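**Student:** Take a look at this one; I'll ask things after.
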Amino acid sequence: MTAAPGWVYLTGGGPGDPDLLTVRAQRLISTADAVFHDDLVPQPILQLCRLDAAVISVGKRCGKKSTTQEQINQALISAARAGKSVVRLKSGDPMLYGRATEELAALERERIPCEVIPGVSALFAAAASMRVALTDRLSASRLIVLTGHRAAGERTMPLWEGAFPQDATIAIYMPGSDYSCLQESLLDSGLSRDTPCLIVSCAGTERQQSVHTTVTALHCQIPLPPPTILLLGRTCEPDAGNGVTAMPDTEKISAITS
Ligand SMILES: C[S@@+](CC[C@H](N)C(=O)[O-])C[C@H]1O[C@@H](n2cnc3c(N)ncnc32)[C@H](O)[C@@H]1O
């Protein structure tokens, strides 16, 4: 699949390793006339762009002068109207904490044809590399995805209303570096102090680092380099899964191996 003139592709760039791009994302990135990318998309992925492509950073870094959402929307519309094939490249999956609603609405209003290409979200990269099964038949029947970053005007909102279910794995995107504050919010929501907690930095890349801790000890933890994601719950115990093997279907196994 090659990027078509006048189209905009909201494309998931995955966690940062080009090997974790989908084939479709890789094809679009390497054929588009223009690529508008977020800060978290690293050079090895941008190097897949055509040499003559316009590669434009539209990152929204906290505390730094950045491109507004309206400017991004307008840039996408103008490039598509000029007949360019456009990739809007986001880290992870474009539909998770990626302002996709605003961009899609702006494009649809202007009748610009667009398509969304899913990507490997940070959550899945962290879970895979750390061998954390996000659901587990004995300890977690649900997955809760949250952000530690609240939109302007919602900063006083709690992380979670009410009590967290006990049988859940919780993933917190954009946890920030104030772990004391995060710990307080988690305890306020009834999470027990001994809940295992796993912090993963730069998941799915060569720079990945991780640390296992608990909610009790979270405030003592030195923040890992961004971007980081926090996973919480019994599935995040360092040795979770050991001894929890499903009963093998011995007959089928011997049929394959004999
Ligand atoms: C604006 S959100 C975008 C999330 C992205 N759409 C996704 O699906 O992964 C950015 C946050 O995602 C998380 N994140 C993105 N890439 C990451 C990575 N490689 N390792 C750990 N966390 C990551 C961090 O919490 C970061 O602050």
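**Student:** Output the residues belonging to the range 216-234 that are part of a loop (DSSP other than H, G, I, E, B) and either out of contact with any strand residue (DSSP E or B) (no Cβ under 6 Å at 6 or more places or on another chain) or more than 18 Å from residue 190 (Cβ to Cβ) (or both).
**Tutor:** Listed by number, the residues that qualify are 216, 217, 221, 222, 223, 224, 225, 226, 227.
**Student:** For residue 59, are the conditions met, namely being at pLDDT below 95, farther than 15 Å from residue 7 by Cβ and either open to solvent by 30 Å² or more (accessible area, probe 1.4 Å) or not acidic (Asp, Glu) (or both)?
**Tutor:** yes
**Student:** Residue 55: hydrophobic (A, V, I, L, M, F, W, C), free of Cβ contacts under 8 Å to residues at least 24 places away in the same chain and more than 12 Å from the ligand (Cβ to nearest atom), yes or no?
**Tutor:** Taking the combined requirement at face value, the residue satisfies it.
**Student:** Scan the range 166-209 residue by residue and report those that are of a type in the set (Ser, Thr, Tyr), open to solvent by 10 Å² or more (accessible area, probe 1.4 Å) and in contact with a Gly (Cβ under 6 Å, 6 or more places away or on another chain).
**Tutor:** 205 - this is the single residue of the range 166-209 that is of a type in the set (Ser, Thr, Tyr), open to solvent by 10 Å² or more (accessible area, probe 1.4 Å) and in contact with a Gly (Cβ under 6 Å, 6 or more places away or on another chain).
**Student:** Moving on to the next point. State yes or no: is residue 20 within 13 Å of the ligand (Cβ to nearest atom), open to solvent by less than 60 Å² (accessible area, probe 1.4 Å), among the hydrophobic types (A, V, I, L, M, F, W, C) and touching a residue at least 40 places away in the same chain (Cβ under 8 Å)?
**Tutor:** Spelling it out, it is not the case that residue 20 is within 13 Å of the ligand (Cβ to nearest atom), open to solvent by less than 60 Å² (accessible area, probe 1.4 Å), among the hydrophobic types (A, V, I, L, M, F, W, C) and touching a residue at least 40 places away in the same chain (Cβ under 8 Å).
**Student:** Which of the numbered conditions does residue 154 fail, given that it passes all the others? Conditions: (1) within 16 Å of the ligand (Cβ to nearest atom); (2) open to solvent by less than 70 Å² (accessible area, probe 1.4 Å); (3) at pLDDT below 95.
**Tutor:** So residue 154 meets the others, but not (2).
**Student:** Pick from the range 113-128 the residues that are open to solvent by less than 40 Å² (accessible area, probe 1.4 Å) and not polar (S, T, N, Q): which of them is farthest from residue 86 (Cα to Cα)?
**Tutor:** Here the answer is 127.
**Student:** Collect the residues in the range 85-112 that are acidic (Asp, Glu), within 14 Å of the ligand (Cβ to nearest atom) and open to solvent by 60 Å² or more (accessible area, probe 1.4 Å), keeping them in residue-number order.
**Tutor:** 102
**Student:** Restricting to the range 114-141, what's the tally of residues that are near the ligand (Cβ under 9 Å from one of its atoms) and of a type in the set (D, E, K, R)?
**Tutor:** Within the range 114-141, residues that are near the ligand (Cβ under 9 Å from one of its atoms) and of a type in the set (D, E, K, R) number 0.
**Student:** If you check residue 26 against the conditions, is it open to solvent by 60 Å² or more (accessible area, probe 1.4 Å) and either within 11 Å of the ligand (Cβ to nearest atom) or farther than 14 Å from residue 117 by Cα (or both)?
**Tutor:** No: the conditions fail for residue 26.
The values are calculated or read from the model by the stated rules, or taken from the named source; none is laboratory data. Note that the structure is predicted; figures quoted are calculated from it, not measured. Glycine also receives a Cβ, built like all others from the backbone with ideal geometry; neighbour counts cover every protein chain displayed. These area figures cover heavy atoms from the full protein model, side chains too; ligands, DNA and RNA do not enter into them. Shrake-Rupley method; radii C 1.70, N 1.55, O 1.52, S 1.80 Å.
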